[in-house]
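Okay, so here's the structure we're looking at.
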Amino acid sequence: MQVSFQKKPYMRNTSCWVLVVLLLSCVSQALFAGDEAPLKGGADGINASLLRSELANVQTREGMAADQMEKISAVYQEALDWLSEAEKYSGSAKQFIASRTSAPLKAKSIQESLDNILKKSPPDASRFKGKSLEELEQLLETAKAARAAKDARVAELAHLVSLEVNRPDSARRKLVESTQQLDVLRDNLSAQELPTDTLALAQYRRDQAHLLALKSQVAMLEQEMLSHQARLTLRKVQLEQAEAEARIAGEQATFLEDLVNQRRKQEVEQVSRIEAQKEQDITEKYPALKGIAAENARLGEELKKTTKALEKASRRDNELRE
């Protein structure tokens, strides 16, 4: 039985979505125009080398109280952590940018392979004609494991599709929140002069690093939204492929299960025929045994009747005693 499958129209874009994409593209280009490598100089000249250099100067300074040095070191560590976050966001943004090109190509390739999967012929019993029962049972166990793996993959992809479908709403909320934080922090920093106090300078650097992390996060969220449709389409096509493979794996396992059950039945029937033939050969060779066997059968039936009568009498005796 060949599986029939209908392609789903994932590439429908509404005019509203096109407008959103164009607007986000403009904003994203503006964000990336001056910050393609934010950790190599970056916004306001903040980078990890500068932070480590200033921190080293603090840690080698004589006469500073231990608690003050510990406090300043902690602030610089916060700044370094924000730079790490900025680097992470920047890497994710690049992946989202790449996915806008790579995801449609992958989806097309998967769709072509899916067409070939759906053209596969159903299982052919002749392929297993020379297999022993033990070999068939091993093939069945392998097929069951494959079916379980395919079903697990379907469940995983269905979950990922569900997450991707709902992702734009949460991404938009996060984008608004991060943009607001970015504006506030930028205004605060622009109103300040470079501090001369050691602790104030550390806090200023921390805010600079935080600003860079927010810029990178906003840029990442923009690219995530721009690439959302392409990535969602890819996930859906992957799910479509996984469902087709799971159905085929299920058919293969069911086919082998039926074949194994049929072979087991045949072997039991073969053993019964052999035993019956042996019994017939013995009775033909030794006719007296046939009469003995019949007498044994009769005595067996009488023994059953006697046993039932004794059980009945025992129950009646127990009832009378009670």
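Any read-out appearing in this document is the output of simple, stated calculations on the displayed coordinates, not a laboratory observation. This one's a predicted model, so the numbers in the text were calculated from it and none came from an experiment. Cβ: placed from backbone, ideal geometry, glycine included. Neighbour counts: every protein chain shown.
Odds and ends about this structure:
- In nm, spacing of pseudo-spin labels at residue 286 and residue 119 (7 Å Cα→C-beta vector): 6.8 nm
- Entries of 150/265; 120/150; 265/304; 144/236; 129/150 with Cα pairs more than 21 Å apart: 150/265; 265/304; 144/236; 129/150
- For GluC sites (Glu not before Pro), the sites in the stretch 140-227 that DSSP calls loop and that have at most 15 other Cβ atoms within 10 Å are 193.
- Taken over the stretch 90-144, the percentage of Cα pairs per 5 Å bin, counting from 0 up to the bin with the maximum distance, is 4, 14, 12, 11, 10, 10, 9, 9, 8, 7, 5, 1.
- Quotient of Cα Rg and 2.2 N^0.38 Å for the stretch 135-226, N being how many residues it contains: 2.01
- Put a plus charge on the Cβ of each Lys and Arg, a minus charge on the Cβ of each Asp and Glu, and nothing anywhere else: the dipole of the stretch 237-288 about its Cα centre is then about 300 debye.
- Annotation: the residues 194, 51, sorted from fewest to most other C-beta atoms within 10 Å of their own C-beta, follow the order 194, 51.
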